[in-house]
Number of protein chains: 2
Amino acid sequence: MKNTIHVERAIRRITQADLAAAVGVSRQTINALEAAKYVPSVVLAMKIANYFEKPVEAIFELGEED
Amino acid sequence: MKNTIHVERAIRRITQADLAAAVGVSRQTINALEAAKYVPSVVLAMKIANYFEKPVEAIFELGEED
DNA sequence: CTTAAATGTAAAGTTTGTTTTACATTTGAA
DNA sequence: TTCAAATGTAAAACAAACTTTACATTTAAG
């Protein structure tokens, strides 16, 4: 599981804390997601995708591990 | 969080056990998902969406609760 | 250079996803 | 109607998501 949260965030010049607040999780959760430390729930993934106005698949990608 | 797994499965006349095997989870997990007993990980959601050859958003929908 | 904001990280704890086993009920085909 | 396959459900156990607190490091603006 890979994701482009870091990139999307950089494009919009948004802070981890801002995104966290926008989607209703802690800043550490966003930080851990960017570091690919774990896989989010679909709900969180969809909230993040919605926030960036992109489909889930544009931000999250299945890897070999999965 | 709502989903149309039951419908997609009915269309393809696929069994819960078949889908479970195809995406690598237990049959009970599929059953519980159809009953909306819990929210899957994005990985599982994407595997299911891939299996049905549809985008995640076509199968999973955020609800008020989320 | 200094300082504040942003980021990385870590440990402990809570909650929730997922598995396993097991059994009861429904459904559909013979 | 009968029997097997499919589904519903439930409890215990385990794994993984997510929170909170707390601190160290990096980055950027003044």
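The values are calculated or read from the model by the stated rules, or taken from the named source; none is laboratory data. Computed from a prediction, not measured in an experiment: that's the story for all the values here. Cβ: placed from backbone, ideal geometry, glycine included. Neighbour counts: every protein chain shown. Keep in mind that these areas ignore ligands, DNA and RNA; they rest on the heavy atoms of the full protein, side chains included. Shrake-Rupley method; radii C 1.70, N 1.55, O 1.52, S 1.80 Å.
Within the range A:1-22, being hydrophobic (A, V, I, L, M, F, W, C) and either more than 9 Å from DNA strand D (Cβ to nearest atom) or within 12 Å of B:V42 (Cα to Cα) (or both) holds for A:M1, A:I5, A:V7, A:A10, A:I11, A:I14, A:A17, A:L19, A:A21, A:A22.
Taking the range A:24-65 as the range and being closer than 22 Å to B:A22 by Cβ and either hydrophobic (A, V, I, L, M, F, W, C) or in contact with a Gly (Cβ under 9 Å, 6 or more places away or on another chain) (or both) as the test, the residues that pass are A:V39, A:V42, A:A45, A:V56, A:F60, A:L62. Just to be sure I understand, how many residues within the range A:24-66 are in contact with an Asp or Glu (Cβ under 7 Å, 6 or more places away or on another chain) and either under 25 Å from B:V25 (Cα atoms) or among the polar types (S, T, N, Q) (or both)? The qualifying residues number 4.
Those helices (runs of 4 or more DSSP H) of the range B:1-64 in which 1 or more residues are away from DNA strand C (no atom under 14 Å from the Cβ), facing chain A (nearest Cβ under 8 Å) and open to solvent by 60 Å² or more (accessible area, probe 1.4 Å) occupy B:42-51, B:56-59.
Against the criterion of being more than 9 Å from the chain's Cα centre (by Cα), more than 10 Å from DNA strand D (Cβ to nearest atom) and closer than 20 Å to B:M46 by Cβ, A:E53 qualifies.
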